[in-house]
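Just so it is clear, none of the values below were taken in a lab; they were calculated from the coordinates. Just so it is clear, the model here is predicted, and its values are computed rather than measured. All Cβ positions, even for glycine, are placed from backbone atoms using ideal geometry, and neighbour counts span all protein chains on display.
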Amino acid sequence: MREGYVKRETKETKIELILNVEGQGKSRINTGIGFFDHMLTAFAVHSGFDLTLDCIGDLDVDCHHTIEDVGIALGTAFGDALTDKTGIARYGNATIPMDEVLASCCIDISGRPYMVFNAEFGDYRLGDMDSAMVDEFFIAFAMNAKVTLHINLLYGRNDHHKAEAIFKAFAHALKAAVKIEGGEILSSKGSL
């Protein structure tokens, strides 16, 4: 079973996370940030990954530490779940519409962390989540999962739809990239 577990505690957050990439899209998520929980639930459903997450963060300060640290924990768990990358498709991409929005995500499970994020948000808040934290979450994930991640918002107006389309595109791209397609590591070097 490809599963990752992270227990992470700092002065800013306390996180316990289990990620099963061979799941059924089931989730139990509690970060204390309603909109972020909604995005992570959508991620679980659309990736087909099971995600259990409990996070207590310093929300009296703001949402930054909680969201960034969850990105760190999720990226770490994802990397741990894919310790043996033999047979994975490695690459995944998805373009997802959500009403007036179109978002794209491409991923390479390369072992080389890199992030490109091209999306702008007009509103400062998405419920109780700062819109700037969408980018920060994906940076934290990419760096800790050691993946190359490109996210592009092609167009759209509604910030809720923008964020949700991005999270769903991310989920579908990851789902494609972890799919077992053969018995070899997909690299001319022989390792990822």
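Is any residue of region 77-110 close enough, with backbone N under 13 Å, to a label point placed 7 angstrom from the Cα of K189 along the Cα-Cβ axis, and if so, which?
109-110
Just need the relative contact order of the chain here, percent rounded to a whole number, with Cα pairs under 8 Å and 6+ apart.
26
Set the bar at 24 Å for Cα to Cα. Now go through K146/K168; K14/K175; K14/K146; K146/K189; K146/K179; K26/K168 and name every pair that lies beyond it. Kindly include the intermediate steps, with their values, before the conclusion.
Numbers: K146/K168 20 Å; K14/K175 27 Å; K14/K146 22 Å; K146/K189 17 Å; K146/K179 17 Å; K26/K168 15 Å.
Cα-Cα > 24 Å for K14/K175; rest within.
All other residues with a Cβ under 9 Å from the Cβ of T52 taken together, and with Lys, Arg as +1 and Asp, Glu as -1, what is their net charge? Could you put the intermediate results ahead of the total?
Numbers: positive: K26, R28; negative: E16, D50, D54.
Residues close to T52 contribute a combined charge of -1.
Here are a few candidate values for semi-axes √(5λ) of the Cα gyration tensor in Å: (i) 25, 20, 14; (ii) 50, 17, 14; (iii) 41, 20, 14. Which one was actually calculated from the structure I just gave you?
Only one listed value fits the structure, namely (i).
Determine the gain in length on full extension of the stretch T10-V61; use 0.36 nm per residue of separation and subtract their C-alpha separation, reporting nm with one decimal. All intermediate terms of the calculation are to be shown ahead of the outcome.
Details: separation 51, 0.36 × 51 = 18.36 nm, distance 1.46 nm.
Result for the pair: 16.9 nm of gain on full extension.
Can you find, among A176, A132, C105, the residue sitting farthest towards the positive end of the charge dipole of region 51-192, where Lys and Arg contribute +1 and Asp and Glu -1 at Cβ?
Projecting each Cα onto the dipole axis, the largest value belongs to A176.
For region 60-157, which trypsin sites (Lys or Arg not before Pro) are in a loop by DSSP, counting at most 13 other Cβ atoms within 10 Å?
When the trypsin sites (Lys or Arg not before Pro) of region 60-157 are filtered for loop state and at most 13 Cβ neighbours within 10 Å, R157 remain.
Is any residue of region 131-156 close enough, with backbone N under 11 Å, to a label point placed 7 angstrom from the Cα of T95 along the Cα-Cβ axis, and if so, which?
154-155
For the chain, set up a Gaussian network in which alpha carbons nearer than 10 Å are linked by springs, and say which option among D37, D50, D84 fluctuates the most.
Ranking D37, D50, D84 by mean-square fluctuation puts D84 first.
Dipole of region 54-192, Cα-centred, from +1 at each Lys and Arg C-beta and -1 at each Asp and Glu C-beta, to the nearest 20 debye?
My answer is approximately 900 debye.
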